[in-house]
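Only one structure is covered here, and it is reproduced in the block below.
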Amino acid sequence: MKNILNVSDLQNIARKRVPKMFYDYADSGSWREETYAANQNDFSHIKFKQRVGVNIDKRSLEKKFMGEKVSIPVALAPVGLCGMQHRDGEILAAQASEEFGIPFTLSTMSICSIEDVAENTKNSFWFQLYVMRDKEFITRLLARAQDAGCKVLQITMDLNIIGQRHADVRNGLSAPPRLTLSHIKQVLSRPTWALGMLRAKRHVFGNVIGHAKGVTDNASLWSWVAEQFDASFSWKDLDWIRNQWKGKIILKGIMDPEDALRASKLGYEGIVVSNHGGRQLDGAPATISVLPYIIDKVGNEMEIYMDGGVRSGQDICKALCLGAQGVLIGRPFLYGLGAYGKKGVTRCLEIMRDSLDETLGLLGETDVCDLGRNNIYYKNYKEFFLE
Ligand SMILES: Cc1cc2nc3c(=O)[nH]c(=O)nc-3n(C[C@H](O)[C@H](O)[C@H](O)COP(=O)(O)O)c2cc1C
């Protein structure tokens, strides 16, 4: 893998190895994909201050996330259908992140179940909750996650209706999925992926099938999923979840300083500044651009993470300079998984680590905890926040 030097290298291999419908599922945003593009592009508005003549011989990339040490300030973001990028994708990604010393987040809409991941890892992982209409299902799901040792819950706030992704509609990957000749051709043109899938633990949503009332087979599963995202979900419903969760809670999908302040006043331990990787509200600003305003509003009252468009250690550095506790990555690790399974996820994390370490040193800094706005020049985005 010595020629795999950046996330785009992994992405190019994944494109060749994963059937088109699943590759497109990862590499797409909603509607015109304006926000999807902005997430990556806006990092380039921030420039580093190069400082020299500093002893940078010993450098540290460690931080604490939710009270636990992490080897680099990165967590794997929750990603649905991870097990369709590669056989047993969630288990492999969880193992790679555990070996690397960073948290893995399992999505409600994963292919491998909570129990599958717990049985195949040693450390606890984070769990992500989509709030569904079936409240008994949610209660059981939260209990299952806690029984499996999960201590941190991410509640996703920005997907109570689904943003339309044209690629999924065109590929027939919306509920209920249509099996077409084109799907069969796509699978047959990726024989290594297809052979792997024959040995996969699961092929459908493992947290749902056999656990949600009335969901026993594939057909009932897809209609259940289509009906279940709860558009009536609001802030007041969060208490009901909090009463059932003994561990820490991070609200994911916060993009506005007022919402961030509300989360902080309600006592949540953290937020993820996120627009769902540009898959929901197209036209929303890039996360890196709203991050400083959220941090200025909330201060150090809780841990503030960001995700969206992070593709290198330089991007991680910029987020930390603006005040983030750390970042989550979604597509980068999915591309690694699609390209080379567990080894690809590890390679993705190595790329993040090495480029972060080098950037830290070239900034004239030795500890990621010391990074601040004094290390960057950044454009003022105040126009987004006209009173
Ligand atoms: C294919 C895909 C599936 C996703 N599924 C979920 C999910 O199940 N739950 C969730 O909260 N976020 C989900 N997200 C959003 C990610 O958690 C994260 O916010 C986003 O990927 C960050 O942007 P990035 O991909 O540019 O790193 C998904 C993102 C992608 C790309």
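The values are calculated or read from the model by the stated rules, or taken from the named source; none is laboratory data. On a predicted model such as this, the values are computed, not experimentally measured, just so you know. Here the Cβ positions follow ideal geometry from the backbone for every residue, glycine too, while neighbour counts run over all protein chains shown. Side chains included, ligands, DNA and RNA excluded: accessible areas come from the protein's heavy atoms. Shrake-Rupley method; radii C 1.70, N 1.55, O 1.52, S 1.80 Å.
For the range 264-374, the square roots of the Cα gyration tensor eigenvalues, ordered a ≥ b ≥ c, give a/c of at least 1.5 with a/b no greater than b/c, which places it in the oblate category.
Tell me the trypsin sites (Lys or Arg not before Pro) within the range 229-303 that lie in a loop according to DSSP and have at most 14 other beta-carbon atoms within 10 Å.
K246
Hey, got the dipole for the chain? About the Cα centre, +1 on K and R Cβ, -1 on D and E Cβ, debye to the nearest 20?
My answer is approximately 920 debye.
What's the angle, to the nearest 10 degrees (0 to 90), between helix 331-340's Cα axis and the longest principal axis of the chain? Computed tilt is about 60 degrees.
Dipole magnitude for the range 2-83: about 400 debye, using +1 per Lys or Arg Cβ and -1 per Asp or Glu Cβ, origin at the Cα centre. In order along the range 27-35, the Karplus-derived 3J(HN,Hα) couplings, from 6.51 cos²θ - 1.76 cosθ + 1.60 at θ = phi - 60°, round to 8, 8, x, 8, 6, 7, 6, 5, 6 Hz, and Gly and Pro are given as x. Computed from backbone phi, the HN-Hα couplings of the range 90-98 come to 5, 5, 5, 5, 5, 5, 4, 6, 4 Hz, rounded to whole numbers (Karplus: 6.51 cos²θ - 1.76 cosθ + 1.60, θ = phi - 60°; Gly and Pro given as x). In the structure displayed, which of K213/K236; K2/K49; K20/K47; K185/K342; K2/K342 lie more than 28 Å apart, Cα to Cα? Where the Cα-Cα span goes over 28 Å, the pairs concerned are K2/K49; K20/K47.
At a probe radius of 1.4 angstrom, the accessible area of the range 39-101 per residue rounds to 47 square angstrom.
Backbone amide hydrogens, once placed in the peptide plane, bring Q154 within less than 5 Å of F127, Q128, L129, I250, excluding anything fewer than 5 places away on its chain.
Helix 342-362 and the longest principal axis of the C-alpha atoms of the chain enclose an angle of approximately 10°. In this simple spin-label model, placing a label point 7 Å from the Cα along the Cα-to-Cβ direction at both E227 and S60 gives a separation of 5.4 nm. The convex hull drawn around the Cα atoms of the chain, when projected onto a plane and averaged over every direction, covers 18.5 nm².
Over the chain, what is the percentage of antiparallel beta bridges among all DSSP beta bridges, to the nearest 5?
Antiparallel: roughly 20 percent of the beta bridges in the chain.
Amide H to amide H, with H built 1.01 Å from N, F65 comes under 5 Å of V70, counting only residues 5 or more places away or on other chains. Specify the angular offset, from 0 to 90 degrees and rounded to the nearest 10, of the alpha carbon long axis of helix 218-228 from the longest principal axis of the alpha carbons in the chain. It works out to around 50 degrees. Counting only protein heavy atoms and a probe of 1.4 Å, the accessible surface of the chain is 51% carbon and sulfur.
The string of couplings for the range 278-284 from the Karplus curve (6.51, -1.76, 1.60, θ = phi - 60°) is x, 9, 10, 7, 6, x, 5 Hz, one whole number per residue in order, with x for Gly and Pro. Per residue, the range 216-312 exposes 40 Å² of accessible surface when a 1.4 Å probe is rolled over the protein heavy atoms with every protein chain present.
Take every pair of alpha-carbon atoms less than 8 Å apart whose residues are at least six positions apart; their mean separation over the length of the range 227-379 yields a relative contact order of 17 percent.
About the Cα centre of the range 73-226, how large is the charge dipole given +1 on each Lys and Arg Cβ and -1 on each Asp and Glu Cβ? Please answer in debye to the nearest 20.
Values: 16 positive and 13 negative charges, 92 e Å.
For this selection, approximately 440 debye.
Highest-first packing order for the peptide set 47-59, 308-320 is 308-320, 47-59, based on the mean count of other beta carbon atoms within 10 Å. Computed over the chain, relative contact order equals 29 percent, with contacts defined as Cα pairs under 8 Å that lie 6+ residues apart.
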